[in-house]
Structure formats: structure tokens, C-alpha cells
């Protein structure tokens, strides 16, 4: 997790000695010089309960209140890194595609202006063959950031957010129409699409289909997308009102999702109302220190495990090895163990370093605090120092 601001207390040294103590899980540094200076005004009590200095313990009630604290606490800034994993599963053909860009501004070049950090991710779950998903993966950057005149700003505000949503919505529709015009893509081929953008602390998820995004917030799963299936009330109503029907949970008896790009054999004639649409739904969140990671994956994962189950697997994995790619693989392996019947693709996006407080190579310096010592402790400490000098 992201470490808080560190406060270091300074004192006028009398003896250049420091004594490290650990009490109640907090590593503290006792300024021995200040303690020794204070001994001069302390009269040793005639108590038989003296203990050697090596047995000194620091109590929470002994701590001196912090002074001169820096009140300019920096806002949370996510540290973005990701890992992905795909597997064909029990299917004969692989129809999934995905994209991971952890640093969007660098990827796009110096002319692209956006809040930082910035990132872009997408999962494309094809059906009716791999054509639609593969085509979209090849051209997704053009659809999203070139053809739509993607908004550029260095600040995240309401205007920027609205412009980004409009641009992403336009990108989905442009990509859908491009699939209709592309002669290399079979008209019965389609794909569900879930994309994620991160700009500073803003997390924006757009979804058309049954891929899913799940945010881990303090260990709890928070769904950042709604599966678009014909059996859900809102989608069922829209499908029926647009002239479609649902048979045994399938749209027009053939498709298990109610939103997708492509599938032009169901949408023709072009321009007419269709029960199958490419319009994405949006969900957003303002990331805080409580938001640990985001999982996005195709329905092969969610068919056999809940959002909370997936979050628990990833959280445990990050605490064990701190590798999002390994976590993505572990999710896929768990789905296979649970007998999923589909292709599998997962991306795990971390917003902080889970191991920075426990990994020796990444450990942050301990917070230093000044502590007061009891009169008894000060006297014993002074005796110990005098004995040490005399030897």
C-alpha cells in the first residue's frame, strides 16, 4: 500500500547515539542524546523494581505528541502496473483478444496531452469466429484515440469526463460500423468489448456485452460493469421494445448477449432499429488508497466464479508474490479447475504496491518518532552509558 508522509523529529544532540526499539509493531528511534540530557534533572527513585536498560520498553502512552507536522498531505496517486493471461480453455478455437497499455501518454507520444498517470486496457470476447475480435484489437487505438478526436487536457474535471465518455461512445459505434464495412470480417462474427481508462485518480469503465470489471476496495469486490444478457430485466425490456425476442435466454434464439459489436447478420438492414446494440454503458470511480486493483475478464471467468471469489484470489496472490501477471494466470487456472467451458482472458491492474511494506527490496524507511522515557528508565540509561564510557 502507499506509505503515508514520514515525519522526522530532530533534536540538539548531546551524545551521538540512537537506540532502536520495536513496540506494538511500530519501529521507533529513541534519541538517546536527548534522553541523556534530561537525566540531569531526574533524581533516581529508591525503588527495588529497577530493570536493566536492555529491558526498557516503550509504551504507547509514553509517546510525545508530534510537533511541526506537515499538513500538506499529498492526494493519492495510483502507481499503475498490470499483468494479463489468456488460455483457449476447452474450446477448439481461441476467439479472445486483449490490450494492455500501462502508460498511455508515453505510448501516444508528446503531442497527446492527458492527466497522468494514464492507462488503457481492453478485453474483446469474440463469438461466431475470431474475425471481429482480432480486427478490433488491431485497430482499437485508431478507433479510440484518432478517429474520435479524443479530448486532451491536463486536468480531470466534469467537462473532461463528459468529453471522454462521448468520445469512447463514438469509438464503440465507429468500430461497430467498421466491422459492417470490412470485407475480411464474417458478418456473423461479433465481439463483446470492455475497456478501461485511467486518468490520474479517475477510473472509467465502458462495457458492451458480458465481460466484467471488478474493483477491489479494501478486500471487497465492487462491480464496475453490468453484464448485458437478455435475461436481465432492463435488457429484456429494451430487446422486446426494439422488435426482438428471447428464447431460452438467447437473443432472437441465437445470441447469449444483448450488446456486442459486429454480428451484422442480426443488425441488418443497416440503420434500422436492432435488439442487438453496440452502445456501451459507463461506470466511474475516483480512486483512493482503499482501491487496490481492478480485474477485467471475459465471461469464461465469471461463468464459474463470483466477483468476490476472484478478488480474494488476486489479493492473496499479490500478498504472496506481488506479481499481477501471475495473479491473472492463477485466476485462469481456477476457472479451468471449476470446469469453465469458454476461452479465458484476464487482466489484473494494480494501483499500488501490495508488498512495499513487507518486501526487503522495496521496504520504505520506517517512520521516526520521538519518545519520552520514564524517570526510572532514564536513570538506568544514564548508568549504562556511564559504565560503558568507563570501560
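Computed from the coordinates by the stated procedures, all read-outs in this text should not be read as laboratory data. As the structure is a prediction and not an experimental result, all values here were calculated from the model. Here the Cβ positions follow ideal geometry from the backbone for every residue, glycine too, while neighbour counts run over all protein chains shown.
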(request) Would you mind ranking 385, 111, 136 so that the residue whose beta carbon has the fewest other beta carbons within 10 Å leads the list? (result) 111, 385, 136
(message) I want to check the label-to-label distance for residue 254 and residue 220. Put each point 7 Å from Cα in the C-beta direction and report it in nm to one decimal.
(response) 4.4
(request) Quick one: grab Rg to one decimal and Dmax as a whole number for region 81-350, Cα atoms only, in Å. (result) 17.9, 54
(request) Neighbouring Cβ atoms within 10 Å as the yardstick, rank 189, 110 fewest first. (result) 110, 189
(request) Determine the distance separating the Cα centre of region 220-267 from the Cα centre of region 182-219; give it in Å without decimals. (result) 16
(message) Please compute the contact order of region 81-350 in relative form: average sequence separation of alpha-carbon pairs under 8 Å and at least six residues apart, divided by the residue count, as a percent.
(response) 26
(request) Would you order 144, 150, 341, 351 from fewest to most other beta-carbon atoms within 10 Å of each residue's own beta-carbon? (result) 341, 150, 144, 351
(request) Determine, from the Cβ-Cβ distance of residue 386 and residue 112 and an R0 of 56 Å, the FRET efficiency 1/(1 + (r/R0)^6), rounded to the nearest 0.05. (result) 0.25
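Multiplying the sequence separation of residue 157 and residue 88 by 0.36 nm and subtracting their Cα-Cα distance, what value in nm do you get?
On the way: separation 69, 0.36 × 69 = 24.84 nm, distance 4.09 nm.
Contour length minus the Cα-Cα distance gives 20.8 nm.
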(request) Please give the length that would be gained between residue 233 and residue 320 if that part of the chain were fully extended, namely 0.36 nm times their separation in residues minus their C-alpha to C-alpha distance (nm, one decimal). (result) 27.2 nm
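Using R₀ = 22 Å, calculate the FRET efficiency as 1/(1 + (r/R₀)^6) where r is the Cβ-Cβ separation of residue 241 and residue 282; round to 0.05. Let's see the in-between values first.
Numbers: r = 22 Å, r/R0 = 0.99.
E(calc), rounded to 0.05, equals 0.50.
Using the scaling law 2.2 N^0.38 Å as the reference, what is the normalised Cα Rg of region 264-320? Please list the in-between numbers first.
Numbers: Rg = 17.9 Å, N = 57, 2.2 N^0.38 = 10.2 Å.
Here the answer is 1.75, to two decimals.
Quick check: convex hull of the Cα atoms in region 89-197, volume per residue, rounded to a whole Å³? Could you put the intermediate results ahead of the total?
Working: hull volume 11.2 nm³, N = 109.
That works out to 103 Å³ per residue.
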